[in-house]
Amino acid sequence: MTFRPRQPYTGIPRWVSGLAVLAALVVVLPLVAIVARVNWGNFIPLITSESALEALGLSLRTSAASTLLCIVLGVPLALVLARASFPFQRLLRSLVLLPLVLPPVVGGIALLYTFGRQGLLGGTLQVLGIQIAFSTTAVVLAQTFVALPFLVVSLEGALRIGGQKYEAVAATLGASPGTVFRRVTLPLILPGLASGAVLSFARSLGEFGATLTFAGSLQGVTRTLPLEIYLQRETDPDAAVALSLVLVAVAVAVVALAYGRTGAPAGRGPIQRPTAPLTTGGSVR
């Protein structure tokens with residue numbers, strides 16, 4: 001006699017499913033409330049005003065720049081944290097991940113006292129004719145400060161899951177560290193890098209506190225979309241709600257891109273063996 005269950009067994013108790021539904025409602029209901037509150041009759045004019053378009057364009061440009069900066073700085077940092085061994089490594093990892101738990105305004109203050117006119121580096125930069133605080137560059141730095149840990153965490157996890165066996169094989173064949181990194185390590189971590197970059201972009205897009213503290217709110221210069229929403233909330237609630245919906249839509253699209261169709265973060269599938277040959281004619285390039 002063969003036992004055939006009526007439904008596939010999920011292994012989830014009913015009370016767990018109930019709490020899961022409650023948790024989903026905690027997130028979804030506020031978003032539904034935004035949609036219900038939108039003034040659809042004036043939606044297009046509200047989101048296409050000059051200030052709204054400038055804020056959205058600035059947010060997209062600065063988020064792209066900060067994501068690129070996160071990649072340039074985050075890949076070496078994640079590689080060092082995952083593969084190297086040195087004193088105070090755990091302390092360094094804790095400090096790198098600190099922006100994940102710090103209030104953004106604290107990060108803004110820290111950046112201000114680093115790059116401001118009277119800051120740690122600000123005086124030297126001022127002599128050189130470089131002013132960072134309250135500029136578009138300040139927006140990019142603030143976004144990078146809060147978004148970099150997302151890329152480092154994602155990439156360090158990918159590096160640890162992938163292991164070092166392929167790099168070790170390449171090294172025994174005589175490949176230099178640079179060649180191993182370029183032709184073995186990077187192909188292995190590319191999916192995790194893509195996922196971390198998308199999440200960093202999403203975090204940069206929604207940055208508010210550090211940007212306001214360090215960069216201020218100058219239209220067309222430092223006023224990103226979250227700052228525009230905050231200002232419109234005091235003068236035009238309908239515009240604030242409409243712009244909030246735009247930001248939510250962009251964020252949902254970015255997160256969907258990061259997590260793919262399967263519900264798992266993009267690039268978190270099985271690690272594939274590098275297919276590019278390390279040798280040609282018996283010699284390592």
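What follows draws every value from the coordinates through simple rules; no lab data is involved. Keep in mind it's a predicted model, so treat the numbers as computed, not measured. Positions of Cβ are generated from backbone atoms using ideal geometry, with glycine treated the same way; all protein chains shown enter the neighbour counts.
Could I have the simple spin-label model distance between V169 and A64, label points 7 Å from Cα toward Cβ, reported in nm to one decimal?
It works out to 3.9 nm between the two label points.
Build a GNM of the chain with springs between Cα atoms under 10 Å: which of A55, A215, A168 gets the top mean-square fluctuation?
Of the options given, A168 has the highest mean-square fluctuation.
Would you look at the GNM of the chain, springs on alpha carbons closer than 10 Å, and say which of L100, L91, L188 moves the most?
Top of the fluctuation ranking is L91.
What does the charge dipole of the chain about its Cα centre add up to, to the nearest 20 debye, if the Cβ of each Lys and Arg holds +1 and the Cβ of each Asp and Glu holds -1? Could the numbers behind the result be given before it?
Details: 20 positive and 9 negative charges, 283 e Å.
In total the dipole reaches around 1360 debye.
Comparing A64, A170, A158, which has the greatest mean-square fluctuation in the GNM of the chain with Cα pairs linked when under 10 Å apart?
Looking only at A64, A170, A158, the biggest GNM fluctuation is shown by A170.
Would you kindly state the longest site-free stretch of the chain, with sites defined as chymotrypsin sites (Phe, Trp or Tyr not before Pro) in a DSSP loop (not H, G, I, E, B) surrounded by at most 10 other Cβ atoms within 10 Å?
The longest such stretch corresponds to 89-285.
How much length is gained on full extension from L73 to I109, taking 0.36 nm per residue of separation minus their Cα-Cα distance?
Between L73 and I109, full extension yields an extra 10.8 nm.
Considering the values [x] 24.4; [y] 14.1; [z] 15.6, which represents mean projected area of the Cα convex hull in nm² as calculated for the structure under consideration?
[x]
What is the spin-label model distance, in nm, from A36 to L91 if the labels are put 7 Å beyond Cα along the C-beta direction?
Label-label distance for A36 and L91, simple model: 5.3 nm.
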